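Just so it is clear, none of the values below were taken in a lab; they were calculated from the coordinates. Quantities reported herein were computed from a predicted structural model and do not represent experimental measurements. A quick note on method: Cβ atoms are made from the backbone with ideal geometry, for glycine too, and the neighbour counts reach across all protein chains shown.
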Amino acid sequence: MQPTFSNIFFNIILIGMAGVGKSTVGHVLAQICGKKFVDTDELITKQERMNLQEYLDRVGIDAFQRLEEKTLFTITPQGLIVATGGSAIYSEAGMAHLQTTGPLVLLEASLTTLEQRVHNQNTRGLINPGTGSFRDLYYARKPLYHKWAELLIPADTGSPEDIAHEILNRLHNTDLASI
């Protein structure tokens, strides 16, 4: 059974760490809902005509984060499924804007799971304001994700389809469905 939502224009925005499955689950969720899928990292790579790591190496963290924030502001409430880059949560203004377009859904997995999934930590285009490890990044970002999340969905196990259905079921059973 596919839940229906009273406002067809609201987006569902997926946030979370690299490797948690935002893009994979987002594609599936978009298919189930009959909505368009948008990945903010893909928007950046298309605009800049290079992958995230190349762009990050070329312009540095500050310029990357300015472009990422600008990209977040291009998202308007039009019934999208949106996967954000893992570093989107560093933009207070960008996240506040996204929050006005639909519910922010945190896909969350354990550090162990993420380390098993993310094999290209040094070439993935990860924004790490500190110079610590992936573990340090995980623990630094975790409270920021929780600050913005309106719904938390475990993503350690289950297929992308299972996780997408869990998102829809949870949205349907909360006040977020009436956005």
Return the distance in nm (one decimal) between the two label points of a simple spin-label model at residue 112 and residue 139, each offset 7 Å from Cα along Cα→Cβ.
1.7
At R0 = 25 Å, FRET efficiency that the Cβ-Cβ distance of residue 59 and residue 36 yields, to 0.05:
0.30
In vacuo Debye scattering of the chain, one point per C-alpha: log10 I(q)/I(0) at q = 0.08, 0.18, 0.19 Å⁻¹?
-0.23, -1.20, -1.34
Cβ-based charge dipole, the range 12-178, positive-most Cα from 47, 96, 118
47
Amide H to amide H, which residues 5 or more places from residue 155 or on other chains are under 5 Å from it, using H placed in the peptide plane?
108, 109
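How big is the charge dipole of the chain about its Cα centre, in debye rounded to the nearest 20, if each Lys and Arg gets +1 on its Cβ and each Asp and Glu gets -1 on its Cβ? Could the numbers behind the result be given before it?
On the way: 15 positive and 19 negative charges, 37 e Å.
I would put it at about 180 debye.
For the chain, what is the mean residue ellipticity at 222 nm derived from helices alone (per DSSP H run of n ≥ 4: -39500 (n - 2.57); sum divided by total residues; nearest 500 deg cm²/dmol)?
Working: 8 runs with 84 residues, N = 179.
After summing the helix terms and dividing by residue count, I get -14000 deg cm²/dmol.
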